[in-house]
1. Label points 7 Å out from Cα along the Cβ direction at residue 16 and residue 31: separation in nm?
2. Which three extents, in whole angstrom, do the alpha-carbon atoms of region 12-62 cover along their principal axes, largest first?
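Nothing in this text is a laboratory measurement; each read-out follows from the coordinates by a stated rule. These numbers come from a predicted model, not from an experiment. Because the Cβ atoms are built from the backbone with ideal geometry, glycine has one as well, and the counts that use them run over all protein chains shown.
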Amino acid sequence: MAPMTQTAPREVMDIRQASEYLGISGDTLYRYASEGFIPAFKLGNRWRFKKSLLDSWMDEKSGVVAPAAPVAPKQKKPVARSR
C-alpha cells in the first residue's frame with residue numbers, strides 16, 4: 001500500500017504557515033499576535049495559530065454569520081403513481 005502524498009492542512013500553524021494561509025507578511029502577523037488583534041497563543045517563546053480560530057476570526061471580521069443549526073431542506077410531497 002503506497003503512502004498518501006497529499007497532506008492535510010495543519011490545525012496548529014507557526015508564523016510562516018499562518019502568514020501564508022492569511023496572505024499577509026510574517027512581520028504583520030507577529031505584530032497582530034503581539035497586540036492581541038488576532039487569535040494566537042505562545043508555545044514556549046513561539047507564536048502558534050489554530051486554523052479553526054483563524055477561520056472563525058476571519059468570518060467574524062468579514063461579517064459572515066454562520067447558521068446556528070443546519071437547515072433541513074424542504075421535503076417534497078410524494079407523487080402518486082399513474083395507473
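1. Inter-label distance under the simple model: 2.2 nm.
2. Largest first, region 12-62 extends 30, 19, 18 Å along its Cα principal axes.
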